[in-house]
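Engineer: First the structure, which I've put down as structure tokens, then a few questions once you've had a look.
Rule-based calculations on the coordinates, nothing more; no lab input. Just so it is clear, the structure is predicted and the values come from calculations on it, not from any experiment. Glycine also receives a Cβ, built like all others from the backbone with ideal geometry; neighbour counts cover every protein chain displayed.
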């Protein structure tokens, strides 16, 4: 009888142990299946490793993992890896982190200068690698715009994505952003629009408009798109006593030697006998500006269009 009871207890204990082991194995399997792989995908994106990143996404990695310094999407954008950005967005990456605003993929000053030099045929080096990088950046920005990212953000200088891509001379991005932007007429001289024309005019009085930036950038199609969107070709920047003001898009185009942009602005009604405030009581006409910058082709074109020659810099009225 005692032997029977002992044997039964052993059997029950064995079953209990087997049950406990099964539960532990089951929990371990669930743990493995639910592992976020957050640090791993953060490392792979930081190393710009697309293959490993895509493998981790398929395994269910947390694409929004952060170490308080970066996220997978932030790393992909930093490396200008459009394919990686696309994979992360498909995997559920979101731009909730403030560092992932569109301002973090702005075209830099060096990129803008290089693009302008290429456009003006002043660059004498092979720019194929540079242009590939610019193409990657274009693809990334398009994906982010299509993904519904905030297109009205501003950096510390008050520059919006539209102003930045206008300065960089990227007409495809300008067109996308104009379609996202509210309060802008889509057709030039459409004065019957109930909202757009007046809202654009009000924005322009505050200072630099996207058309001003397009004048600086000099890309012809970009200038055309912004004029067609309703931006005033004769809008002026605010006057600040020490640093000047009263600059039009044409003045900026002349100042940067953007011949094609000058032609488009003049053809669309830009005032050629205008002047800019140079600061400290001094002003200069656009004629003086063109002559001072040594832009002979621009000067010749404007003179043929009826621009009046003016004397050297004079006191501002």
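Engineer: Take the alpha-carbon centre of the range 105-150, take the same for the range 249-281, and report the distance between them in whole Å.
Structural biologist: 25
Engineer: Work out how much length residue 282 to residue 156 would gain on full extension: take 0.36 nm times their residue separation and subtract the Cα-Cα distance, in nm to one decimal.
Structural biologist: 42.5 nm
Engineer: Report the extension gain between residue 135 and residue 69 in nm, rounded to one decimal, defined as 0.36 nm multiplied by the number of residues separating them, less their alpha carbon distance.
Structural biologist: Residue separation times 0.36 nm, minus the Cα-Cα distance, leaves 21.1 nm.
Engineer: In what order do 50, 226, 289, 211 fall by count of nearby beta-carbon atoms within 10 Å, going from fewest to most?
Structural biologist: If I rank by nearby Cβ atoms, fewest first, I get 50, 289, 226, 211.
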